[in-house]
1. Around residue 30, what is the net charge, scoring Lys/Arg as +1 and Asp/Glu as -1 over all other residues with Cβ under 9 Å from its Cβ?
2. How much FRET efficiency would the formula 1/(1 + (r/R0)^6) give for residue 14 and residue 42, where r is the Cβ-Cβ distance and R0 is 35 Å, rounded to 0.05?
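Where a number appears in this text, it was derived from the coordinates with a stated rule and is not lab data. Given the structure is predicted, the values throughout are model-derived calculations rather than measurements. As a convention, Cβ positions derive from the backbone with ideal geometry for all residues, glycine included, and neighbour counts pool all protein chains shown.
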Amino acid sequence: MNVPRSAGYAPFRESRCVIVAKGFGETEFVQHGKQKVPKHYYDLTAKDGAIAFGGCIEIIIINRLEKSSPVAV
């Protein structure tokens, strides 16, 4: 990933971010007939600080003039 000309080089170098959170939750589902029903809910929180997640971002620039051009009636 950190090798020039590799497929992941530019995203690895230019699109990384850190997501800081106090915690997160996750639900485990089980099949009950045709429906999935929640079985357990896991709530993970940081005791005296924060949890850091690594992520990738992609910034998309939209031309506002195209979106808000007036329509003749």
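1. Details: positive: 36, 39; negative: 28.
Residues near residue 30 contribute +1 overall.
2. Efficiency computed from Cβ-Cβ geometry: 0.55.
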